[in-house]
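Quick notes on the structure that follows.
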Amino acid sequence: MAQPIVHFELSAQDPRAAGEWYNKLFGWPVTVEERWDYVMVTTQERFGGGFNLVGPEMPAGTSIVYIATDDFDATVQRIEDAGGEVVMARQDLPGVGAIGTFKDPTGNIVGLIQPDMSAMENAPPPTQQTYLHPIAHFELSANYPRAAGEWYNNLFGWPPTYHPAFNYVTFTTEGQFGGGFSDVSQGLPAGTTVIYVHTDDIGAKVAQIREAGGVVMLEPTAMPGAGVIGMIQ
């Protein structure tokens, strides 16, 4: 079975302000884990993200997605055997699980987590809520998209699909959620992770983002067979 993406992290100069910024734009409920002063958002049922304070290990502009595993140490060994590099060694967080990060052959930083199942079993059921702006897709840079697709498939069971018209590889992880590998030569710097938020009105949302101080990096662009995409900072 494909190993799922369960969490994402963004860098922030002020994590609490960042949480409120995204909450106002996308309606993501914000909570603060006081033990670590960690700001979290919920984007859809049982899925969300957090904000890490900008620093040497989390430069401004950094995005990280976390992959779940049932055996942290064994997965790390397989990653290293496949040419990956450990960036943050295993940390065991009470009520969360074992976490760490690794670097893939292109230089993308990716998170790994073995969830604390006892904490999950004792967690309250998710609040019934309609999330209008869930995470829909994520994108990793790749020097060779097809090779990257096979690398992740071998490690995490993500079947890749090649789209020759765009030299783009897509994959699914679990529940039809997934992402893609974008060719570095097409303008995505090596080591870049982009997280895509769903919206029913991209034009209106882009205007709101501009008003809120965001910068539009890619104007809304129609992609045949996919929809309309854009990119903001």
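A few points about this structure:
- Against the test of being in contact with a strand residue (DSSP E or B) (Cβ under 9 Å, 6 or more places away or on another chain) and open to solvent by less than 40 Å² (accessible area, probe 1.4 Å), the options V197, V206 yield a single qualifying residue, V206.
Matching residues to (1) farther than 25 Å from I232 by Cβ; (2) in a strand (DSSP E or B); (3) open to solvent by 40 Å² or more (accessible area, probe 1.4 Å):
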position: V39; (1), (2), (3): no, yes, no
position: T43; (1), (2), (3): no, yes, no
position: G49; (1), (2), (3): no, yes, no
position: I64; (1), (2), (3): no, yes, no
position: D73; (1), (2), (3): yes, no, yes
position: V76; (1), (2), (3): yes, no, no
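- Screening W21, W28 for residues that are in a loop (DSSP other than H, G, I, E, B), touching a residue at least 40 places away in the same chain (Cβ under 8 Å) and aromatic (F, W, Y) leaves exactly one candidate, W28.
- Residue among I202, I195 that alone is under 20 Å from S63 (Cα atoms), of a type in the set (A, V, I, L, M, F, W, C) and in contact (Cβ under 8 Å) with a residue 12 or more places away in the chain: I195
- Single condition Y196 does not satisfy, out of (1) in a loop (DSSP other than H, G, I, E, B); (2) under 19 Å from the mean Cα position of the chain (by Cα); (3) on the phi < 0 side of the Ramachandran plot: (1)
- Filter result (exposed (fewer than 15 other Cβ atoms within 10 Å of the Cβ) and assigned to a helix (DSSP H, G or I)) within region 1-18: R16, A17
- Some residue of region 101-119 being closer than 24 Å to G225 by Cβ, outside any loop (DSSP other than H, G, I, E, B), open to solvent by 40 Å² or more (accessible area, probe 1.4 Å) and at pLDDT 95 or above: no
- The residues of region 78-99 that are at pLDDT 95 or above, open to solvent by 80 Å² or more (accessible area, probe 1.4 Å) and not in a strand (DSSP E or B), listed by number, are R78, E80, D81.
- Scanning region 135-191 for residues that are buried (at least 22 other Cβ atoms within 10 Å of the Cβ), in a strand (DSSP E or B) and aromatic (F, W, Y) gives a single hit, F181.
The values are calculated or read from the model by the stated rules, or taken from the named source; none is laboratory data. These numbers come from a predicted model, not from an experiment. We place every Cβ from the backbone using ideal geometry, glycine too, and count neighbours over all the protein chains shown. Remember, those area values only see protein heavy atoms, side chains included, never the ligands or the DNA or RNA. Shrake-Rupley method; radii C 1.70, N 1.55, O 1.52, S 1.80 Å.
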